[in-house]
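This report concerns only the one structure given below.
The values are calculated or read from the model by the stated rules, or taken from the named source; none is laboratory data. Please read all numbers here as calculations on a predicted model, not as lab measurements. Neighbour counts run over all protein chains shown; Cβ positions are idealised from the backbone, glycine included.
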Ligand SMILES: Cc1cc2nc3c(=O)[nH]c(=O)nc-3n(C[C@H](O)[C@H](O)[C@H](O)COP(=O)(O)OP(=O)(O)OC[C@H]3O[C@@H](n4cnc5c(N)ncnc54)[C@H](O)[C@@H]3O)c2cc1C
């Protein structure tokens, strides 16, 4: 009996540790690591396995691992562009992120109102929150071309209505431009920031407000 109780306790502790390790409220990686700036999982990509043949890496999809002899010829014919494996563009390994324009007193005001854990000045987070998935102007440019001209100055993670009220009040008091952020998946440049606007930009990431608390059935 004692062994069973101990085994259950060990399993419960192990489950709690695993849950804690994967319960990142900002970036849920539980179903696989995703690329930060482009669509898809890091374990899945096309790789050449012959001069004109490719296969999909990993084991996530049924297609993975099979050689596709007709895919590259098909793409070449459709796009009328020759594809040479030796001329594939190489992604940049690092990204330039301009310094945040949010000064110390502004950051302190957000942190006092919301808690430091809900305000981020991290460069990677600021960059992720400054674009959607518009292929050429955003994703291609970021991965292969110039840096984005303008990047949000801070990222805020509200968790309830009071936080949202505080965010709007502070934005109004400090002339900060708020940019709501859902999943960053729009393909219309909706998250692109105007380069000629001198205001501080704050991305308001809504992922922690993840419960339906009310439904207006009359207006459905
Ligand atoms: C691979 C791929 C396939 C797709 N397929 C389809 C498809 O088949 N059909 C389709 O319709 N779309 C498709 N899309 C587009 C995309 O899924 C939608 O545009 C998506 O719904 C955008 O939601 P989001 O939460 O990611 O918004 P975001 O990209 O985060 O934001 C989009 C805009 O909405 C604003 N916003 C975000 N949240 C709020 C909020 N709470 N309050 C006010 N404003 C807010 C942002 O400021 C921004 O201006 C696809 C995208 C990709 C990358």
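What to note about this one:
- Spans of helices (runs of 4 or more DSSP H) in the range 78-190 with at least 3 residues more than 18 Å from the chain's Cα centre (by Cα), within 16 Å of the ligand (Cβ to nearest atom) and within 20 Å of residue 208 (Cβ to Cβ): 161-174
- Checked against the criterion of being touching a helix residue (DSSP H, G or I) at 6+ places or on another chain (Cβ under 9 Å) and over 27 Å from residue 34 (Cβ atoms), the candidates 155, 200, 168 yield just one match: 200.
- The residue pairs whose first member lies in the range 186-201 and is modelled with pLDDT of 95 or more, whose second member is loosely packed, with under 12 Cβ neighbours inside 10 Å, and whose beta carbons are closer than 7 Å, counting only pairs six or more residues apart or on different chains, are 199/175.
- Residues in the range 128-153 that are more than 15 Å from residue 186 (Cα to Cα), surrounded by fewer than 18 Cβ atoms within 10 Å (Cβ to Cβ) and touching a residue at least 12 places away in the same chain (Cβ under 8 Å): 143, 144, 147, 149, 150.
- Residue check, residue 215 in contact with a strand residue (DSSP E or B) (Cβ under 7 Å, 6 or more places away or on another chain) and either part of a loop (DSSP other than H, G, I, E, B) or over 26 Å from residue 36 (Cβ atoms) (or both): no
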